[in-house]
Amino acid sequence: MGIKILWDQQSPAGIQLPVSRLIAMLLDTETETIEYPLLVDGYDRERDQHDAQKILDRLQNTFIRRYAIAEPLLLVTSRDLFVNGCDFVFGLARPSCGAAVVSTARLDNAYYSRMPNDDDLIDRTAKEGAHEVGHLLGLGHCSNPECVMFRPRTLDELDRKKKMLCPDCSETLALRTCR
């Protein structure tokens, strides 16, 4: 079983292949990019952000139900995301339907008025994408701040994470994928 990755038409150009390869390496599985025009729902004018839950509703209704995609599905979008009760989220997963979304908006140095760096954006997008897909594969949050499954609350915490699962999360994933 592999991971399907859908890229928003507005997602940053040139990062798809390296991000897909890093996610595949991190989770020891294959990835496949799927092409499909998708209307990204959930825009909130007052916040100037998109509701991640509504995006997951669209993924669930369009891809999981209509096209019967059984593999974990990750949408990478450039839109800034939120969920009720949070100012923003880097990403969100819905394990019950096998779909997740990651936003590159706050993963890009430009958001923080820092020097642009594609390597930073690729690294962050891959780690956050692997994190959300990890939830789809049955992993929870990890207390190890270097593990991909650690829940970062800031960009600095995300940057401190390594491109790897800790031994406990690796073992849990191996047990879940062997079944």
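Readers should treat all values here as calculations from the given coordinates under stated rules, not as data from a laboratory. If you're wondering where the values come from, they're calculated on a predicted model, not measured in any experiment. Positions of Cβ are backbone-derived with ideal geometry, glycine not excepted, and every protein chain shown enters the neighbour counts.
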In the range 130-146, how many are touching a Ser or Thr at 6+ places or on another chain (Cβ under 9 Å) and under 15 Å from Asp28 (Cβ atoms)? 4
So the strands (runs of 3 or more DSSP E) completely within the range 60-179 holding 1 or more residues that are β-branched (Val, Ile, Thr) and surrounded by 15 or more Cβ atoms within 10 Å (Cβ to Cβ) are 73-77, 99-103
Those residues of the range 10-29 that are out of contact with any helix residue (DSSP H, G or I) (no Cβ under 6 Å at 6 or more places or on another chain) and surrounded by 12 or more Cβ atoms within 10 Å (Cβ to Cβ) come to a total of 8
Being out of contact with any Asp or Glu (no Cβ under 7 Å at 6 or more places or on another chain) and within 14 Å of Met25 (Cα to Cα) is the filter here, so list the residues in the range 148-162 that pass it. Val148
Residues of the range 108-134 being over 13 Å from Ile23 (Cα atoms) and of a type outside the set (A, V, I, L, M), in sequence order, are Asp108, Asn109, Tyr111, Tyr112, Ser113, Arg114, Pro116, Asn117, Asp118, Asp119, Asp120
Hits in the range 122-140 - residues which are aliphatic (A, V, I, L, M) and either closer than 16 Å to Val89 by Cα or touching a Gly at 6+ places or on another chain (Cβ under 7 Å) (or both): Ala126, Ala130, Val133, Leu136
